[in-house]
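*Asks:* Can you keep this structure in mind? I'll have questions shortly.
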Amino acid sequence: MKTIKDIDLSGKRVLTRVDVNVPLDEHNNIADDTRIRAVLPTINYALDENAKVIIASHMGRPKGKVDSKFSLAPVAKRLSRLLKKEVNFAPDCVGPEVTSMVQDMQAGDVLLLENLRFHPEEQANDDSFAKELASLCDVYVNDAFAVAHRKNASVVAITKHAPVCVAGFLLKNELNYFTQAMENPARPLVAIIGGAKVSDKLGAMENLLNRADKLLIGGAMANTFLKCVDYEVGESLVENGLLWDARSLMKTATKRGIGFYIPVDAVVADRFDKDAETKIVPIQEVPEKWLIMDIGPATSLLYSEVLYGAKTIVWNGPMGVFEMDAFSRGTSSIVNHVANSYALTIAGGGSTDVAIYRAGESHRITYISTGGGAFLDLLEGKTLPAVAALEEAGEPA
Ligand code: 3PG
Ligand code: MG
């Protein structure tokens, strides 16, 4: 896959597709600008090379209609501050006004286009919309890893129309780190899988059973595994329809000699509430009518022993309801164990990044993915449509 470094950008109109789909608070302030900072290297590089930098992104899910709640205007402001230069903001992403704004650009200018998803054609992967976008540029750069699992016009169809298509630094980095961890890992490779539902992670777990040496399970999804080997889990969330699948995954792990770890104790609560009554119990003693809300200290210690022996760690999903202080300890202790390990450590998807930033350990994790769904699709062993399209475009006809 060609990157932005392999081509000449000087004086060119460079359309850079990024994913700056950042969380906003109730006053439309950016709550976390990680995804904006993550694409600065690509934008700065293009500016250093004297390009005219046109930036496109989606924001939220406006369902194909203009909706000011999902405007990229706050991103234009933040980007301007981070780049320490003026960022012009276009009122749309295609159309005559945008075309003329692009025509007026000088080398070294930055223009941010309004939300791609204000047009239903974006998510329909519409070919003529993609062609219109492509007409804005001489070079198309995809640096939008977090949306690479979506078959959208600005990341898939556009590669058929843009004269030159290359990857930006973020996309390249994400794929490189992931490949390093999953394709040819230093072993043992330990995967930590958490989050609420087994149903979201079945594909990932099946793929991991072909690659990892050990699996550590946490979060509410662990309940289904506990139940399938006959532990009582009280009123905890269980996916009863998946008990057979859960049992079958555990049997496959045993057959293949893969360590499959489920919690040995838990923090339980008498109701799903931050102020609930809580206690720590061995997994054999979950009271009837109570709920498992987090892994307990014995599980954390057990998992830490596994993690200290790891050479590669891949992590997706929290160990408990970490958004509530009373049930955040399990997840934050795993953050610490991962940070303290001697392994190459990769984390992503399903609030894992949030948990790591909250624990203040982001600088001690090798790589934190900006992707949610895209990271999970990679874990499942899927090919990302945007990556496939970019690779295809880069091949000689
Ligand atoms: C994300 O945050 O998951 C990406 O920006 C993709 O957005 P989507 O899930 O709305 O397609
Ligand atoms: Mg998503």
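*Asks:* Is it true that some residue in segment 369-378 is within 24 Å of I295 (Cβ to Cβ) and of a type in the set (S, T, Y)? It would help to see each step written out before you state the result.
*Replies:* The first filter runs over segment 369-378 and keeps only residues within 24 Å of I295 (Cβ to Cβ), leaving 369, 372, 375-376.
Next cut, of a type in the set (S, T, Y) only: 369.
Yes, the conditions are met somewhere in segment 369-378.
*Asks:* Also: If you check F327 against the conditions, is it more than 16 Å from ligand 2 (Cβ to nearest atom), out of contact with any helix residue (DSSP H, G or I) (no Cβ under 8 Å at 6 or more places or on another chain) and more than 26 Å from V155 (Cβ to Cβ)?
*Replies:* So F327 passes the test.
*Asks:* Restricting attention to segment 341-351, which residues are assigned to a loop (DSSP other than H, G, I, E, B) and hydroxyl-bearing (S, T, Y)?
*Replies:* S341, Y342, S351
*Asks:* Of all residues in segment 362-384, which are over 14 Å from the mean Cα position of the chain (by Cα) and within 16 Å of ligand 2 (Cβ to nearest atom)? Quick ask: steps written out before the conclusion?
*Replies:* Of the residues in segment 362-384, the ones over 14 Å from the mean Cα position of the chain (by Cα) are 362-366, 381-383.
The one that is over 14 Å from the mean Cα position of the chain (by Cα) and within 16 Å of ligand 2 (Cβ to nearest atom): K382.
*Asks:* So, A339, is that one touching a His at 6+ places or on another chain (Cβ under 9 Å) and either crowded, with 24+ Cβ neighbours inside 10 Å or among the aromatic types (F, W, Y) (or both) or not?
*Replies:* no
*Asks:* Here is a follow-up. Output the number of the condition that K85 fails; it satisfies all remaining conditions of (1) within 16 Å of ligand 1 (Cβ to nearest atom); (2) more than 21 Å from D6 (Cβ to Cβ).
*Replies:* Condition (1) is where K85 drops out.
*Asks:* Further, regarding this structure: Quick one: count up the residues across segment 149-187 that are within 15 Å of ligand 1 (Cβ to nearest atom) and open to solvent by 10 Å² or more (accessible area, probe 1.4 Å). Explain how you work it out, then say what you get.
*Replies:* Residues of segment 149-187 within 15 Å of ligand 1 (Cβ to nearest atom): 149-156, 170-171, 174.
Filter again for open to solvent by 10 Å² or more (accessible area, probe 1.4 Å), leaving 149-151, 156, 170.
Residues flagged as within 15 Å of ligand 1 (Cβ to nearest atom) and open to solvent by 10 Å² or more (accessible area, probe 1.4 Å) within segment 149-187 amount to 5.
*Asks:* Which members of segment 357-370 meet the condition of being at pLDDT 95 or above, aliphatic (A, V, I, L, M) and more than 16 Å from ligand 1 (Cβ to nearest atom)?
*Replies:* I365
*Asks:* Among the residues of segment 306-335, write down those that are open to solvent by 10 Å² or more (accessible area, probe 1.4 Å), among the polar types (S, T, N, Q) and in contact with a strand residue (DSSP E or B) (Cβ under 8 Å, 6 or more places away or on another chain).
*Replies:* Result: S328, single match.
*Asks:* Go through the residues of segment 167-179 one by one and say whether even a single one is more than 14 Å from R17 (Cβ to Cβ) and small (G, A, S).
*Replies:* No, the conditions are met nowhere in segment 167-179.
*Asks:* Please determine whether any residue of segment 346-361 is in contact with a Leu (Cβ under 6 Å, 6 or more places away or on another chain) and within 16 Å of ligand 2 (Cβ to nearest atom).
*Replies:* Yes: one or more hits.
*Asks:* Continuing with this model, one more query. Suppose we filter G350, G373, G381 for residues that are surrounded by fewer than 19 Cβ atoms within 10 Å (Cβ to Cβ) and within 16 Å of ligand 1 (Cβ to nearest atom); which single one remains?
*Replies:* Working: G350 fails: surrounded by fewer than 19 Cβ atoms within 10 Å (Cβ to Cβ); G381 fails: within 16 Å of ligand 1 (Cβ to nearest atom).
Sole residue among the options that is surrounded by fewer than 19 Cβ atoms within 10 Å (Cβ to Cβ) and within 16 Å of ligand 1 (Cβ to nearest atom): G373.
*Asks:* Same structure, new question: Looking at F145, is it open to solvent by 50 Å² or more (accessible area, probe 1.4 Å) and either within 19 Å of N21 (Cα to Cα) or not hydroxyl-bearing (S, T, Y) (or both)?
*Replies:* Numbers: open to solvent by 50 Å² or more (accessible area, probe 1.4 Å): no; either within 19 Å of N21 (Cα to Cα) or not hydroxyl-bearing (S, T, Y) (or both): yes.
No; evaluated as a whole, the condition is false for this residue.
*Asks:* Which one is farthest from L72 (Cα to Cα), of the residues in segment 111-148 that are among the aromatic types (F, W, Y) and within 16 Å of ligand 1 (Cβ to nearest atom)? Give the steps one after another, and end with the answer.
*Replies:* Taking segment 111-148 as the starting set, the residues that turn out to be among the aromatic types (F, W, Y) are 118, 129, 140, 145.
Then keep just the ones that are within 16 Å of ligand 1 (Cβ to nearest atom); that gives 118, 145.
Numbers: F118: 11, F145: 18 Å.
Once the filter is applied, the top-ranked residue is F145.
*Asks:* Kindly indicate which of I54, I30 is within 15 Å of ligand 1 (Cβ to nearest atom) and either in contact with a helix residue (DSSP H, G or I) (Cβ under 9 Å, 6 or more places away or on another chain) or free of Cβ contacts under 8 Å to residues at least 40 places away in the same chain (or both).
*Replies:* The unique qualifying residue is I30.
The values are calculated or read from the model by the stated rules, or taken from the named source; none is laboratory data. Here the structure is a predicted model, which is why all the values come from computation and not from measurement. In this analysis, Cβ positions are derived from the backbone assuming ideal geometry, glycine residues included, and neighbour counts consider all displayed protein chains. Side chains are part of the model used for accessible areas, which takes the heavy atoms of the whole protein and leaves out ligands, DNA and RNA. Shrake-Rupley method; radii C 1.70, N 1.55, O 1.52, S 1.80 Å.
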